[in-house]
1. Is it fair to say Lys267 is surrounded by fewer than 21 Cβ atoms within 10 Å (Cβ to Cβ) and under 22 Å from Ile230 (Cα atoms)?
2. Can you tell me which residues in segment 271-291 are open to solvent by less than 20 Å² (accessible area, probe 1.4 Å) and touching a Pro at 6+ places or on another chain (Cβ under 8 Å)?
3. crowded, with 19+ Cβ neighbours inside 10 Å, at pLDDT 95 or above, charged (D, E, K, R) and part of a helix (DSSP H, G or I): does that describe Arg82?
4. Taking the options Lys261, Lys231, Lys180, name whichever one is surrounded by fewer than 11 Cβ atoms within 10 Å (Cβ to Cβ) and in a loop (DSSP other than H, G, I, E, B).
5. So for segment 91-104 (the condition being without any contact (Cβ under 8 Å) to a residue 24 or more places away in the chain and either outside any strand (DSSP E or B) or surrounded by fewer than 21 Cβ atoms within 10 Å (Cβ to Cβ) (or both)), does at least one residue qualify?
6. Test each condition in (1) in contact with a Leu (Cβ under 9 Å, 6 or more places away or on another chain); (2) surrounded by fewer than 18 Cβ atoms within 10 Å (Cβ to Cβ) for Lys294 and report the one that comes out false.
7. Test Ala53 against the criterion of being modelled with pLDDT of 95 or more, among the hydrophobic types (A, V, I, L, M, F, W, C) and under 18 Å from Tyr249 (Cβ atoms), and give yes or no.
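The values are calculated or read from the model by the stated rules, or taken from the named source; none is laboratory data. Quantities reported herein were computed from a predicted structural model and do not represent experimental measurements. FYI the Cβ positions are ideal-geometry reconstructions off the backbone, even for glycines, and counts take in every protein chain you see. All accessible areas refer to the heavy atoms of the entire protein, side chains included, with ligands and DNA or RNA removed. Shrake-Rupley method; radii C 1.70, N 1.55, O 1.52, S 1.80 Å.
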Amino acid sequence: MDTQLNNPSAEEVAVEETKEQQAPAEPQKKRKRRIGDRREGRRLRSLDGLHVAMPFIMRDRADACNTFADEIDVGEAELIVREQIQSGKENFSMLHVILAAYVRTVATYPYLNRFVSGQRIYARHNIEVAMTVKKEMTMHAPETCIKVIFDPHDTLFDIYEKFNAAVTNIDNTGTDGVAKFFQKFPRLPFRWTVKVIEWLDYWGLCPKMLMDALPFWGSMIITSMGSLGIKPIYHHLYNFGNLPVFVSYGTKRKVVEIDRKGERHVKRVIDMKVVTDERTCDGFQYAAAFKLWKRLIEHPEALLTPPDKVEEDVD
């Protein structure tokens, strides 16, 4: 009996090894807030001079928009989507795969989660994704905003659960209340109020209620043109707030490719278009992040388990 206790079976060893491999990485220690940090992010103080100067040269986010387009093979992702729907996960879709791949990319390349406010560059604390949706698919149905906070350790299943919880709670978002409040303002007071909010935001004093309710603050905003049956668009970034990335993706379509042997292959793809704030990081960094993001969407099996390591942005 003692021998059995001290020498576990091969199956027990295999189970323990599997648990160790699937165990999430330890959460990173929270940094102390320093003078110059904001509620939603910490100021990056070790950037090179060019990056420090960029927000002064390109003062508005609209001045700093870069656009990017790509075609993504979704053959493997569609298999996982079908498997999850068959297992009982209602409304599981390509959107969850895209979001999970983005979150995992931020875990690897945290500079993708930077933002510019008050002519300073910050690393955002959370991965906060916004999506503007119609409550009903009708011409005159009202719009509202879903905002979901993700963790870099999240798996595809975590993304699904968190996003669906936000959709289920769509009638209780603060967006509608804020919109109705401002709707009562006459034009000039409304205009002055927006100016005051912009001034407060410049100094990191914007009310948290507004930042949580409105889609202008966050890591990324995404829209599905596929649900409307059209191709994706290049959607502009907003000068109001600090949202640095806008993602749009379209309907699935079939394409025919010819390989090196001259053989034809049919595959299913989606088109994706991204607009970014170029002041947050350089082109080399964006390229590395987008290549990883595409690879994760095309091969999403890596998203089923937590990442081995979560990288942290520079000081």
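1. Working: surrounded by fewer than 21 Cβ atoms within 10 Å (Cβ to Cβ): yes; under 22 Å from Ile230 (Cα atoms): yes.
It is true that Lys267 is surrounded by fewer than 21 Cβ atoms within 10 Å (Cβ to Cβ) and under 22 Å from Ile230 (Cα atoms).
2. Met272, Thr276, Asp277, Arg279, Thr280
3. Working: crowded, with 19+ Cβ neighbours inside 10 Å: no; at pLDDT 95 or above: yes; charged (D, E, K, R): yes; part of a helix (DSSP H, G or I): yes.
No: the conditions fail for Arg82.
4. Details: Lys231 fails: surrounded by fewer than 11 Cβ atoms within 10 Å (Cβ to Cβ); Lys180 fails: in a loop (DSSP other than H, G, I, E, B).
None of the others qualify; the one that does is Lys261.
5. Of the residues in segment 91-104, the ones without any contact (Cβ under 8 Å) to a residue 24 or more places away in the chain are 93.
When the remaining residues are screened for being either outside any strand (DSSP E or B) or surrounded by fewer than 21 Cβ atoms within 10 Å (Cβ to Cβ) (or both), the result is 93.
Yes - at least one qualifying residue is present in segment 91-104.
6. Answer for Lys294: the failing condition is (1).
7. On the way: modelled with pLDDT of 95 or more: yes; among the hydrophobic types (A, V, I, L, M, F, W, C): yes; under 18 Å from Tyr249 (Cβ atoms): no.
Judged against the criteria, Ala53 is not a match.
Quick grid of which residues meet (1) at pLDDT 95 or above; (2) among the small types (Gly, Ala, Ser); (3) in a strand (DSSP E or B):
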| site | (1), (2), (3) |
| --- | --- |
| Leu243 | yes, no, no |
| Ser248 | yes, yes, yes |
| Asp271 | yes, no, yes |
| Thr276 | yes, no, yes |
| Thr280 | yes, no, no |
